[in-house]
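Q: Here it is: the structure, laid out below.
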Number of protein chains: 2
Amino acid sequence: MINTPTLFIETKLETYAYRRFGGGAAPPLICLQHFTGTLDNWDPAVTDPLARDREVILFENAGVGRSTGEVPTTIRGMAAHLLAFAEALGLTRVDLLGFSLGGMVAQEAALIRPSLVRRMLLVGTAPEGGEDIMHLEKPELRRILEDPNLTGLEILVKLFFAPSESSQAAGQAFANRLAARTDDREPLSGPKVAQAQMAAFRAWEQVEGERFGALGRITQPCLVVNGFLDSMIPVRNSYMLAEHLPNAMLLAYPDAGHGSLFQFHESFVRQATVFLG
Amino acid sequence: MINTPTLFIETKLETYAYRRFGGGAAPPLICLQHFTGTLDNWDPAVTDPLARDREVILFENAGVGRSTGEVPTTIRGMAAHLLAFAEALGLTRVDLLGFSLGGMVAQEAALIRPSLVRRMLLVGTAPEGGEDIMHLEKPELRRILEDPNLTGLEILVKLFFAPSESSQAAGQAFANRLAARTDDREPLSGPKVAQAQMAAFRAWEQVEGERFGALGRITQPCLVVNGFLDSMIPVRNSYMLAEHLPNAMLLAYPDAGHGSLFQFHESFVRQATVFLG
């Protein structure tokens with residue numbers, strides 16, 4: 001919820017910022033955020049309706065926002081923080097919503113501690129050994145990132161949504177929803193966060209051993225979601241992910257980029273609710 | 001419905017066998033069948049629940065079952081029969097459920113007469129210029145087709161469902177549902193039907209002009225569906241189709257082959273109902 005206060009929990013590793021709201025019989029849903037995103041980057045149009053049947057917990061990984069520590073340079077390191085966080089909260093069975101970078105952390109957490117994870121929503125993300133993951137040096141992304149006329153959320157709208165008028169309008173609505181939270185906000189991520197997370201992306205692209213072999217050990221039901229026009233983590237990564245996970249359904253949206261879940265929030269919430277239900 | 005009588009309508013082209021049932025405010029849904037399939041190959045677990053909100057019309061193309069005439073050797077020819085059928089029934093606005101071969105006919109009909117088609121469900125199918133479409137000479141398919149121990153529906157279960165125990169069990173349940181219709185059945189398709197339809201598949205694989213260029217003119221909302229383990233029309237055809245249609249959502253099921261809609265009939269009906277609603 002837009003007014004949910006930020007909480008902090010001290011663990012054996014770090015002190016993490018988080019927010020929790022909603023409730024219900026279903027296992028809690030922990031939400032894992034994208035590159036440089038903070039707790040403030042979760043769209044209430046997605047997280048609020050999901051909180052009707054379950055507790056939703058937004059997690060700030062180490063070194064991001066007001067969570068202490070350093071941003072790990074590997075996905076595995078980030079997953080260790082998630083596990084320490086869940087343990088400190090006494091959670092033994094959760095669902096995960098991992099978006100982009102967060103989807104990689106979710107996969108890794110499921111591999112390290114399979115018993116913790118019941119189901120996963122993996123949105124705009126890639127398997128280890130995926131392709132063309134977050135190459136911000138690509139001309140189509142650089143053009144946006146280096147545009148002197150764009151600031152803050154405007155950049156996010158260009159990066160996360162397709163160029164069409166309809167998608168950009170959905171992006172603007174998304175930006176407005178994010179901006180509605182005015183108090184108790186997290187500090188923006190700086191270059192230090194970006195550099196460490198980018199190192200984790202580069203390592204994640206490497207193929208070690210049998211390509212996609214680890215995915216066969218993730219037996220949890222997964223819903224893999226993306227937009228066909230994702231320029232940050234192209235949709236073929238979602239194909240590879242869903243094809244190699246033993247129990248994944250794939251859902252891809254037209255006229256949508258990296259932020260398909262925010263653009264089609266009503267459809268996404270309906271799909272996620274059925275999938276988690 | 002399993003007891004719905006077969007009807008016949010004389011048109012300017014041929015006399016077509018068909019069945020219609022259900023009703024409601026939504027446009028009728030015309031169902032277009034797969035290679036060698038007849039009206040008897042529609043799974044009531046899919047078509048009956050879809051008939052709760054709309055009329056469902058199962059269409060037998062020319063030269064198949066008790067429809068008169070010759071099976072066309074092109075998809076375009078088959079689409080012409082569909083259009084003659086719709087016109088004879090006085091239908092001016094319909095939704096289409098095209099499965100496999102039927103999905104190609106649906107695409108072609110939408111290109112020829114865009115005003116007729118409101119929305120399309122394109123299941124286990126391929127765009128014109130697709131790849132590895134219905135190559136029954138492939139070892140994994142030949143092994144099934146030439147197995148002397150398999151007959152009729154047993155072959156269909158092997159062809160349409162994944163090798164896993166769970167998928168084969170779903171296939172057996174599907175076969176039992178089809179077998180429940182005992183009266184007023186269509187004659188089985190013989191080699192003549194198969195040869196003509198196979199010629200249409202071979203022509204459909206050819207790329208003429210800009211590959212997938214025609215798909216840009218199909219602006220209707222489409223739901224593209226397949227199983228990741230489809231060996232008859234591999235899932236990458238669904239990727240190509242959904243990526244190049246301007247307004248298509250993609251849904252792919254795990255542990256499922258060509259007949260994903262019959263295996264996951266509850267999910268498919270739910271998805272189709274929301275999509276058509």
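The values are calculated or read from the model by the stated rules, or taken from the named source; none is laboratory data. Here the structure is a predicted model, which is why all the values come from computation and not from measurement. Cβ sites come from the backbone with ideal geometry, for glycine too, and all protein chains shown count toward neighbours. Each accessible area value is taken on the protein alone, full model and side chains, heavy atoms only, with ligands, DNA and RNA left out. Shrake-Rupley method; radii C 1.70, N 1.55, O 1.52, S 1.80 Å.
Q: Under a 1.4 Å probe, what is the accessible area of region A:26-125 per residue, stated in Å²?
A: It amounts to 25 Å² per residue over region A:26-125.
Q: A plus B alone minus the pair: what accessible area, both sides summed, probe 1.4 Å, in Å² to 100?
A: Working: alone 11240 and 11260 Å², together 21080 Å².
Approximately 1400 Å², summed over both chains.
Q: Would you mind checking the radius of gyration and Dmax of region B:1-49 based on alpha-carbon positions, in Å?
A: So, for region B:1-49, Rg and Dmax equal 11.9, 33 Å respectively.
Q: Right, next: According to a simple spin-label model (label point 7 Å from Cα along Cα-to-Cβ), what is the distance in nm between A:Ala203 and A:Glu140?
A: Taking the simple label geometry, A:Glu140 and A:Ala203 are separated by 2.9 nm.
Q: In addition: Checking understanding here: applying a Kyte-Doolittle mean of at least -0.5 and a length along the axis of at least 18 Å (C-alpha), which whole DSSP H helices in chain B pass?
A: The qualifying helices are B:75-88, B:165-179, B:191-205.
Q: For the protein assembly as shown, which semi-axes, largest first and in whole Å, follow from the square roots of 5 times the eigenvalues of its Cα gyration tensor? Let's see the in-between values first.
A: On the way: eigenvalues 423, 111, 92 Å².
Three semi-axes, in Å: 46, 24, 21.
Q: Could I ask something else about it? Over 11 Å apart: what share of the alpha carbon pairs of region B:64-108 falls there, rounded to a whole percent?
A: That fraction is 70 percent.
Q: According to the square roots a ≥ b ≥ c of the eigenvalues of the Cα gyration tensor, what is the shape class of region A:32-98, taking rounded for a/c under 1.5, prolate for a/b larger than b/c otherwise, and oblate for the remainder?
A: Oblate, because a/c is 1.5 or more while a/b does not exceed b/c.
Q: Further question on the same structure: Looking at chain B, identify the longest residue range that excludes and avoids all GluC sites (Glu not before Pro) in DSSP loops having at most 11 other Cβ atoms within 10 Å.
A: The segment B:1-136 is the longest one with no such site.
Q: Quick one: label points 7 angstrom along Cα→Cβ at B:Gly213, distances to the other copies in nm, smallest first?
A: So the label point of B:Gly213 gives 4.6 nm to the other copies.
Q: Also: Shape verdict for region A:39-138, please, from the Cα gyration tensor: rounded (a/c under 1.5), prolate (a/b greater than b/c) or oblate.
A: rounded
Q: Express the carbon and sulfur contribution to the solvent-accessible surface of the protein assembly as shown as a percent, rounded to the nearest whole number, probe 1.4 angstrom. Write out the running numbers ahead of the final one.
A: Details: 11240 of 21080 Å².
Answer for the protein assembly as shown: carbon and sulfur cover 53 percent of the accessible area.
Q: Could you compute how fast region A:47-206 diffuses translationally, taking Rh as the Kirkwood radius over C-alpha pairs and applying Stokes-Einstein at 4 °C with viscosity 1.567 mPa s? Give it in µm² per second.
A: 75 µm²/s
Q: Further question: Calculate the length of the line joining the C-alpha centroid of region A:161-194 to that of region B:52-105, in whole Å.
A: 47 Å
Q: Next question. Give the span of region A:129-277's Cα atoms along each principal axis, as three whole-Å numbers ordered largest to smallest.
A: Here the spans come out as 44, 35, 33 Å, largest first.
Q: Let me ask another. Checking the table A:Lys12/A:Lys138; A:Lys12/A:Lys192; A:Lys158/A:Lys192 against a 32 Å threshold on Cα-Cα, which pairs fail?
A: A:Lys12/A:Lys138
Q: While we're looking at this one, here's another question. Which of the residues in region A:217-260 lose at least 40 Å² of accessible area when you go from the chain alone to all protein chains together (probe 1.4 Å)?
A: Residues passing the criterion (a loss of at least 40 Å², heavy atoms only) are A:Phe228, A:Tyr239, A:Glu243, A:Met249, A:Leu250, A:Pro254.
Q: Are there trypsin sites (Lys or Arg not before Pro) in region A:13-113 that DSSP marks as loop and that have at most 14 other Cβ atoms within 10 Å, and which are they?
A: Listed in order of number, the matching sites are A:Arg52, A:Arg93.
Q: In addition: Taking amide H positions as placed in the peptide plane 1.01 Å from N, state which residues far from B:Leu97 in sequence (5 or more) or on other chains have amide H under 5 Å from it.
A: Correct list: B:Ile30, B:Cys31, B:Leu32, B:Leu121.
Q: Just to be sure I understand: of the beta bridges DSSP finds with both ends in chain A, what percent are antiparallel, rounded to 5?
A: Counting only bridges with both partners in chain A, antiparallel ones make up about 30 percent.
Q: Now a separate question. Provide the FRET efficiency to the nearest 0.05 for the B:Ala179-A:Ser166 pair, computing r from the beta carbons and using R0 = 30 Å.
A: 0.05
Q: Hey, if you put +1 on the Cβ of every Lys and Arg and -1 on every Asp and Glu Cβ in chain B, which of B:Thr11, B:Leu32, B:Asn176 ends up farthest toward the positive end of that dipole?
A: Ranked along the dipole, the leading option is B:Thr11.
Q: Sequence gap at least 6, Cα distance under 8 Å: using those rules, report the relative contact order of chain B to the nearest whole percent.
A: Once normalised by length, the contact order is 22 percent.
Q: With the alpha-carbon atoms as the only input, what is the per residue convex hull volume for region B:201-277 in Å³? Present the calculation step by step, with values, prior to reporting the outcome.
A: Numbers: hull volume 7.0 nm³, N = 77.
Hull volume normalised by residue count: 91 Å³.
Q: I would also like to ask the following. Report the Stokes-Einstein translational diffusion coefficient (µm² s⁻¹, integer) for chain B, Rh taken as the Kirkwood radius over Cα pairs, at 25 °C with viscosity 0.890 mPa s.
A: The estimated diffusion coefficient comes to 133 µm²/s.
Q: Counting only C-alpha contacts under 8 Å and six or more residues apart, can you give the relative contact order of region B:1-157 as a whole percent?
A: It rounds to 21 percent for region B:1-157.
Q: Just how large is the dipole of chain A about the Cα centre, in debye to the nearest 20, putting +1 at every Lys and Arg Cβ and -1 at every Asp and Glu Cβ?
A: 540 debye
Q: Please compute the contact order of region B:98-201 in relative form: average sequence separation of alpha-carbon pairs under 8 Å and at least six residues apart, divided by the residue count, as a percent.
A: Contact order relative to length: 19 percent.
Q: Going 7 Å from Cα along the Cα-Cβ axis for the label, what nanometre distances separate A:Pro139 from the same residue across the other copies?
A: 4.4
Q: Starting from a label point 7 Å past Cα on the Cβ side, list the distances from B:Ser164 to the same position in the other copies, nm, shortest first.
A: The projected label point of B:Ser164 is separated from its counterparts by 3.3 nm.
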